[in-house]
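Data block below; observations after.
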Amino acid sequence: MFHLSAAVDDTALSRLHHRAFGSDSTAVVPWRERLSRYSLFWVSATEAEDIVGFVNVIGDGGAHAVVLDTVVSPEMQGRGIGKQLIEIAATEARARGCHWLHVDFEPRLAGFYVDVCGFRATTSGLRRLI
């Protein structure tokens, strides 16, 4: 089941990110505070009350929205959950007046974002700050 800007459990969402990204950290990220402060909206996917997918969308207050933190539980990948999260995010961003949906991704994820979700590859830049 998919939810738009539903309440999130910081511990559960942190655990999902740690599992999906291969982190051995047990740190709990203050997701609720970050989402309420900086996000346009977010989309979560649940199965039997457990969070199994998530995407965050931030914006510039105008025509641009940006996808961040896309994650699907490793055991649930390959079932279309990630694609559906992105589709819901695109639909909601459009409904909120955005004209562009941006995403930045590592080359290994191009198959998902470009081939599956319909993003167009563009050139972008990244600067490490710490």
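Structure summary
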read-out	value
Residue ID - nearest to residue 46 (Cα to Cα), chosen from residues in segment 76-108 that are loosely packed, with under 14 Cβ neighbours inside 10 Å and at pLDDT below 95	78
Single match in 68, 129, 85 (criterion: closer than 18 Å to residue 19 by Cα and not β-branched (Val, Ile, Thr))	68
Index of the failed condition, residue 38 passing every other in (1) within 14 Å of residue 101 (Cα to Cα); (2) of a type in the set (Phe, Trp, Tyr); (3) surrounded by fewer than 15 Cβ atoms within 10 Å (Cβ to Cβ)	(1)
Residue list for segment 53-85, restricted to those being part of a helix (DSSP H, G or I) and of a type in the set (S, T, N, Q)	84
Check on residue 46, polar (S, T, N, Q), over 22 Å from residue 104 (Cβ atoms) and assigned to a strand (DSSP E or B)	yes
Residues of segment 3-23 satisfying the condition of being under 19 Å from residue 79 (Cβ atoms) and either open to solvent by 80 Å² or more (accessible area, probe 1.4 Å) or assigned to a loop (DSSP other than H, G, I, E, B) (or both)	19, 21
Number of the exception - residue 112 against (1) open to solvent by 80 Å² or more (accessible area, probe 1.4 Å); (2) modelled with pLDDT of 95 or more	(1)
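The values are calculated or read from the model by the stated rules, or taken from the named source; none is laboratory data. Small disclaimer: the values here were computed from a predicted structure and weren't measured. Quick reminder, even Gly has a Cβ in these numbers, built from the backbone with ideal geometry, and neighbours come from all protein chains shown. Ligands, DNA and RNA are stripped out before the accessible areas are found, and what is left, the full protein with its side chains, is counted by its heavy atoms. Shrake-Rupley method; radii C 1.70, N 1.55, O 1.52, S 1.80 Å.
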